Amino acid sequence: MQLTAMIVNLIYSIIGGLLTLLFMYIGYKMFDKFTDFNTSDELGKDNKAVGLVVLGIFVGVGVAIGLVIGLGLN
């Protein structure tokens, strides 16, 4: 019984991690679409302000989805 719960939690965590990456990608693309500049080009030019905003998107989405996954395991 214990092994089954561990396997289910492992699968749930893997799926949650993949969903987190997907939502981070969607958040990045939405930010890129709603701004009037190309985010990838600005990051290539070493624009630190855009880099910090993208960092904030990734950390925010990662923490939010991580909390959902963590609470779902309990």
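Of all the residues in segment 24-36, those that are without any contact (Cβ under 8 Å) to a residue 12 or more places away in the chain and either more than 26 Å from residue 63 (Cβ to Cβ) or not polar (S, T, N, Q) (or both) number 8.
Filtering segment 1-45 to residues that are touching an Asp or Glu at 6+ places or on another chain (Cβ under 9 Å), exposed (fewer than 14 other Cβ atoms within 10 Å of the Cβ) and outside any loop (DSSP other than H, G, I, E, B) leaves only 40.
Please count how many residues of segment 1-49 are more than 19 Å from the chain's Cα centre (by Cα) and closer than 30 Å to residue 71 by Cβ. Break it down stepwise before answering.
From segment 1-49, those more than 19 Å from the chain's Cα centre (by Cα) are 1-9, 35-38, 41-42, 44-49; that's our starting set.
Adding the requirement that they be closer than 30 Å to residue 71 by Cβ leaves 1-9.
Of the residues in that region, 9 qualify.
Hey, can you tell me all the residues within segment 1-23 that are touching a Gly at 6+ places or on another chain (Cβ under 8 Å) and either of a type in the set (S, T, N, Q) or under 15 Å from residue 60 (Cβ atoms) (or both)? Residue satisfying the conditions is 20 alone.
Within segment 1-35, being small (Gly, Ala, Ser) and farther than 27 Å from residue 55 by Cα holds for one residue alone: 5. Scanning segment 46-58 for residues that are loosely packed, with under 10 Cβ neighbours inside 10 Å and either outside any helix (DSSP H, G or I) or among the acidic types (Asp, Glu) (or both) turns up at least one hit.
Read-outs: derived from the displayed coordinates by stated rules, not from any lab. In this text the structure is predicted, and so the values were computed from the model without any measurement. Backbone-built Cβ (ideal geometry, glycine too); neighbour counts: all protein chains shown.
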